[in-house]
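Just so it is clear, none of the values below were taken in a lab; they were calculated from the coordinates. Remember, predicted model here, so these are calculated numbers, not experimental data. Here the Cβ positions follow ideal geometry from the backbone for every residue, glycine too, while neighbour counts run over all protein chains shown.
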Amino acid sequence: MSAATKTRSHSGRRAASAELQLRTVRELRAITDRVLRIAKTAGMPETEVHVDEVIDALTRFANNSIHQHVAEHGLTVSLRVVVDGRTARVTTNRIEGDAIRGAIESAASLAASQPRDPGLLPLPARQNYRAVRRFSSATAALSADSRARAVKNTCTLAETRGQIAAGLFSSGQSQSVLANSRGLFAAYRQTQAEFSVTMQQGSATSWAKGNASDFRAVDPMALAKTASEKAARAENPTELAPGRYTVILEPAAVLDLVGFLFYDFAATAVRDQRSCFSGRLGKPLLGENISIRDDVYHPEQLGAPFDGEGSPRQPVILVDNGVPRNLVYSRRSAKKAGTRPTGHGFALPNEYGEAPMNLVIGGGKTSVEEMIAGTDRGLLVTRLWYIRELDPYEKVMTGMTRDGLFLVEKGKVARSVRNFRFNQSILQMLKSVEALGPSRRATAEESFEMVVPPMKISNFHLSEVTKF
Amino acid sequence: MWDYCGHSLDVARLRGATYADVRVMHLRQSDLTTKSGEVGTLGQSESVGLGIRVVVNGAWGFASTDQLTREGVAVCAAQAVSVAKASALAKKEDVQLAAEASYVDSWQGPCQKDPFEIPLEAQIDLLLKADAAMRQVKGVTLTETDMQFRKIDSWFASSAGSKIHQRRVLSGCGIVATCFKGDAIQKRSYPNSFGGQHILGGYELIEAMDLLKHAPQMAEEAVALHSAAQCPEKKSTLILGGSQLGLQIHESVGHPIELDRVLGQEANFAGTSFLTLDKLNNLRYASPIVNVVADARPAHGPGLGTFAYDDEGVPAQCIDVIKDGEFRGYLSSRETAHLIGLERSGGTMRTESWNRLPMIRMTNVSLLPGTWTPENLIADTDDGIFMETNRSWSIDDRRYQFQFSTEIAWEIKGGKKARMLKNPSYSGITTEFWNSCDAICNADHWVLWGTPNCGKGQPMQTMGTGHGAAPARFRNIKIGTAFSNE
């Protein structure tokens, strides 16, 4: 440990260890109190303030060595004023001197520049929140050396097996507080660790990834071994003809595809007629074995128990046995719809309204191994890539398979095959789910983390094949 | 700012760094949107901080801080050194940097009208008028408009003696009309989709785009698409409009030539590249009329990839990427240059912010103009399809197989633009596609398009890139697969 890292800064947050510590909630409350006091002095009738602090570190490796290794610490203050039916937001990471007063004046000036908004609601009053515990002191204290040693073990495994490893090991801690001039105060902190690895053998690759609040729930060596073993099986892929296939999607593939539905559950999206659920609520749309809810309190989820306006997040059943039943609402969209907010609003002002950020897709009891054993001919899909929307109402998505695509024949993984492009409606896909595995927290690259099951799906449309 | 730069470099050196560079950045941003006649987002943000990159024991470390005090930046520099020492636990080779002179300079990008000085009332008024003009058209169900402005000041200093200040003002705007009818959603965007057009420049862009003039046409086309014929599935001649061709360049030329991807450094996330090192000067990438450069120099135009120095202090350059159809060059950095036999970096290291590590990024990767006019190109095409304005884009992780769809297309029959087509798409293999190019329009129709949202790296960084393109023609292209059920 260097002498300099033992030095405490004026903020007191430069800890005695090599790792930094978040400010206390009391310190953040002092910032929000100061902002609200200055705003009141400046004549602002209503003011809301978010303070977000993040301490993150990330160790990135490729070609069996560390090539990028970074650490960051930042705090931002984001404030919103409401003046005469108008609102605007200013965000800054400068909190010293007159910076806050300047930000408040800027927000007031922005707000005054626009027409009055008759639908703008007054700030909410004090709320009660359900407690969540998502902070691991051990994860917050994870050092650069500890991450580097785990990476070194992964690289050694790769070298031993004649493979090349690439990936990352990150750890971080963050906190948010939200306060307003009507007495609302909400605070949340969490830690998060993530390990992701791609193993390459010859021209073949495979991949595995874990993410959790506590780094001890992520096993880098187990993930590295999974990727390594699949990479070995992925060598020398053969080419299959495009067409409709039975596919077994591992959880990461399900997450990245079904995750694209999240904004369709927003009441604002339905009102704007850009949701695939427009005109379809209450009607059978998906298979009876598909149920989806949003639940920030699920033990494998992360995230604050309040939304961008300070409304408490509520669990919401979105799809019940194939029937889309409910949407999520901000305070504004709830008022327009004559219902209660569900606690899913984004920080105002914004044009998108709200969205569920903690999707949980109901699972089943069929393991991936059992799905394989019960498949006469199909494909086992590790991961999907570069997914984009083709048709927003039928929810047709395109993308590629990546990092391990295997032909299943007569109940066994037969061989590796070249990657396909897919053009597939998510709605049609969720009518064709033959089997579901147990749901668990999944992490990939195109959607944020959710709790999803592996799925066996018939008639999945693979339209073209690539060269590897 | 220079004091913070110098002090952090001193601390890094004292603690054992053999090389260090530091960036203090001050980023200001203004975001304004409207939706269906109401103001949506209205906000401004600023962020200021310092990031320092060091080499210790032959390995990299990076740390950043928003504590702009002598004590704060010293702690940050010491942390970067600690991180580098940890990196050395799992290194293969020592970092090797290509030689580069040191520079002391200050540069400001082009900006005729500072958007932060334009009254916000005027900006909101313009967007609300454009929004209203689209809603005048019967059948339109959703209208959206946006403006975004950024002002980025950076102070770069290195242990080799460079001290470079740059200011870049970036501006963008766009409008979108959407029509939901029956069981389909159609939309039209101007001047481009996904945020519109973006340049290195000021409010003069907004005035030049003339959003009000184009708003009714976008709305009418969004409604008309519902009555248009479905784009057929077949092999056909394809003419791409400039903005779509810009994205085609981005995905199938710009990303494959990033040397960090080629070397496997992005293998776990963004992917690798089919352009392995053996292909340099040994691959017919495209037909002989195709010339692509990566040009960051101000002389190339006010693109999102235009600057005077990159974020490791290397002056802006023009690199031949494809010369007369042959593959000639990668995007490189000081660390990777020697791997392709270069004595000097190509100057393409860029960072999103003070708290992110610079990485190899596209600058302005542009297709140089040809000799045709759009009128002559269509007149010379007996049977084909003209596609315009991107709707979706996707390409595999080695950049071989791609599929794009656009918002709108028109049949070309007997040398004339004929009926409108909905749900157009095309797909192919990168080198086969570029080798099928047989006509490129001239400089009068060449536009330096801005892609403001290119994501890469972990932690993810969003970067703006420029892509000059004029409409071009491609033969025997697979059309319509995206919306086929077979």
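A compact table of results
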read-out	value
Of the GluC sites (Glu not before Pro) in the range A:239-341, those whose Cβ has at most 14 other Cβ within 10 Å and which sit in DSSP loop	A:Glu239, A:Glu288
Percent of alpha-carbon pairs separated by more than 25 Å within the range B:2-227	56
Likely footprinting exposure, A:Lys412, A:Lys209, fewest C-beta neighbours within 10 Å first	A:Lys412, A:Lys209
Charge tally in the Cβ shell below 14 Å around A:Asp391, where Lys, Arg are +1 and Asp, Glu are -1, A:Asp391 excluded	+2
Computed lengthening from A:Leu281 to A:Glu394, 0.36 nm per intervening residue step minus Cα-Cα distance	39.3 nm
Relative packing of peptides A:124-137, B:122-135, A:321-334, B:348-361 - highest average C-beta neighbours within 10 Å first	B:348-361, A:321-334, B:122-135, A:124-137
Average beta-carbon neighbours from other chains, 10 Å sphere, peptide A:109-119	4
Rough spin-label spacing in nm, given labels placed 7 Å along Cα→Cβ, for B:Leu277 and A:Arg244	4.8
Alpha-carbon centroid distance for the pair the range A:392-468 / the range B:93-161, whole angstrom	38
Assigned charges on the beta-carbon of Lys, Arg, Asp, Glu; the protein assembly as shown dipole about Cα centre (debye)	1920
Dipole magnitude (debye, nearest 20) for the range B:2-227, charges at Cβ of Lys, Arg, Asp, Glu	540
HN-Hα J in Hz across the range A:436-445 - Karplus 6.51, -1.76, 1.60, θ = phi - 60°, x for Gly and Pro	10, x, x, 6, 8, 5, 10, 9, 8, 10
Farthest positive-ward along chain A dipole, Cα basis, beta-carbon charges - from A:Gln175, A:Gly378, A:Gly202	A:Gln175
Percentage, to the nearest whole number, of Cα pairs in the range A:116-214 over 23 Å apart	52
The range A:132-185 - charge dipole about Cα centre, Lys and Arg +1 at Cβ, Asp and Glu -1, debye rounded to 20	200
Selection from B:Ala160, B:Thr65, B:Val55, by position along the positive dipole direction of the range B:2-227 (Cβ)	B:Val55
Principal axis dimensions, largest first and in whole angstrom, of the range B:56-143 by Cα	67, 34, 31
Mean projected area in nm² (Cα convex hull; one quarter of hull surface) for the range A:4-215	15.7
Proximal charge balance of A:Leu348 [Cβ under 12 Å; K/R count +1, D/E count -1]	-2
Calculated SAXS-style log₁₀ I(q)/I(0) at q = 0.21, 0.27 Å⁻¹ - the range B:274-327, Debye, Cα scatterers	-0.82, -0.94
Convex hull (Cα only) mean projected area of the range A:298-368, reported in nm² to one decimal	6.2
Distant-in-sequence amide H partners of B:Trp107 (H built 1.01 Å from N, under 5 Å)	B:His165, B:Gln166, B:Arg167
Cross-link reach list, lysines versus B:Lys213, counting only Cα pairs under 27 Å and skipping chain neighbours closer than eight places	B:Lys35, B:Lys113, B:Lys129, B:Lys138, B:Lys181, B:Lys187, B:Lys416, B:Lys417, B:Lys422
Separation between Cα centres of the range A:354-387 and the range B:377-412, rounded to whole Å	32
Computed over the protein assembly as shown, Cα set: Rg, Dmax in Å	26.9, 78
Ratio Rg/Rh, restricted to the range B:406-479 and using Cα atoms, in which Rh is the Kirkwood radius	1.04
Peptide-level mean, for B:28-41, of C-beta atoms on other protein chains within 10 Å	4
Kirkwood Rh (inverse of mean 1/r, distinct Cα pairs), the range A:236-468, angstrom	18.2
Where labels lie 7 Å past Cα in the beta-carbon direction, separation of B:Arg13 and A:Asn153 in nm	4.0
Rounded FRET efficiency, nearest 0.05, which uses the C-beta distance separating A:Met221 from A:Lys412 and R0 of 30 Å	0.65
Sorted by Cβ neighbour density within 10 Å, fewest at the top, the residues A:Tyr245, A:Tyr263, B:Tyr190	A:Tyr263, A:Tyr245, B:Tyr190
Ratio Rg/Rh, restricted to chain A and using Cα atoms, in which Rh is the Kirkwood radius	1.01
Separation between Cα centres of the range B:1-17 and the range B:225-270, rounded to whole Å	43
FRET efficiency, B:Asn485 to A:Val54 (Cβ-Cβ, R0 45 Å, nearest 0.05)	0.50
Neighbourhood charge, 11 Å Cβ-Cβ cut-off, centred on B:Leu89 and excluding it, Lys, Arg +1 and Asp, Glu -1	+4
Per-residue Cβ neighbour rank within 10 angstrom, fewest leading, B:Cys441, B:Cys111	B:Cys111, B:Cys441
Where Rh is the Kirkwood radius over Cα pairs, Rg/Rh for the range A:94-148	1.24
Over the range B:230-483, equivalent-ellipsoid semi-axes from the Cα gyration tensor in Å	31, 18, 17
Debye intensity ratio I(q)/I(0), log10, chain B, q values 0.07, 0.13 Å⁻¹ (C-alpha model)	-0.39, -1.23
Distance in nm between pseudo-label sites at A:Asp84 and B:Arg284 (7 Å out along the Cβ direction from Cα)	7.0
